[in-house]
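Beneath this line is the structure, given in structure tokens, with notes to follow.
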Amino acid sequence: MATKILNYHRLQKAFKGVGESLWKNHKKVTFGSMIDPSVEHLYETPAPEILKKFQNFLKRVDKRVILKQLPDLHEAAFEKVNCLDCARCCKNYSPRFKMPDIKRVSKAMGMKEVAFIEKYLSMDSEGDYVVRTKPCPFLATDNTCGIYDYRPSDCERFPYTDEDVFFKRSAITMKNAEFCPAVHDVMIGLLAK
């Protein structure tokens, strides 16, 4: 109960001026009973006004200060968030598969690179290889990854909450904040400071 109260007060402080009703009325996504109720709010999509406040924060904040705060916020977020309870990234988006990723994964699967590309990947509008299907073809029904030990570097680094990509590529961060509870938690932590 103390955690819930602490989180609620932290949220109130973080979203001061945005309007408490916006936070309470934003879109909720249900994931079932696996998620600890004290962190359930992280699995909810933040209101557009909150995302806008965070986007403005990223534009004006001292990047060196954020970079020093990110590792601790990242660790704290992943103490609360279990990716296996969510897997939204794997269900809705695709990482980029760079050539080293393709070589590593295809080798681990015992496939030729060309066969791997033809079976699992397509090229997106930016010229990057991405998975052909959603959810990711390597995502199992229990939200585990069939290629976890060989996964693409984008998957390994995701959601970038402990590195400078978090603020250098703010468009990606903003997109990730809409669906990733860890990004959402880091966002709340930064706004609360």
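The values are calculated or read from the model by the stated rules, or taken from the named source; none is laboratory data. Only a predicted model underlies this, so the values are computations on that prediction, with no experimental measurement involved. Quick reminder, even Gly has a Cβ in these numbers, built from the backbone with ideal geometry, and neighbours come from all protein chains shown. Quick note on the areas: whole protein, heavy atoms, side chains included, nothing else; ligands and nucleic acids left out. Shrake-Rupley method; radii C 1.70, N 1.55, O 1.52, S 1.80 Å.
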**Prompt:** At a 1.4 Å probe, what is the % contribution of carbon and sulfur to the accessible area of segment 90-136?
**Reply:** 53 percent
**Asked** Largest first, what is the accessible-area ranking of Tyr160, Tyr129, Tyr148 with a 1.4 Å probe?
**Response** Tyr148, Tyr129, Tyr160
**Prompt:** Counting only protein heavy atoms and using a 1.4 Å probe, what share of the accessible area of segment 140-193 belongs to carbon plus sulfur, as a whole percent?
**Reply:** 46 percent
**Asked** Can you give the charge dipole size of segment 70-193 about its Cα centre, rounded to the nearest 20 debye, using +1 on the beta carbon of Lys and Arg and -1 on the beta carbon of Asp and Glu?
**Response** 440 debye
**Prompt:** Measuring with a 1.4 Å probe in the full set of protein chains, what accessible area per residue, in whole Å², belongs to segment 34-176?
**Reply:** 58 Å²
**Prompt:** Pairs Lys134/Lys168; Lys63/Lys175; Lys53/Lys134; Lys80/Lys103; Lys68/Lys98; Lys52/Lys134: which are spaced more than 24 Å apart, C-alpha to C-alpha?
**Reply:** Lys134/Lys168; Lys53/Lys134; Lys80/Lys103; Lys68/Lys98; Lys52/Lys134
**Cα Rg, Dmax (largest Cα-Cα span) when computed across segment 120-193, Å** = 14.2, 43
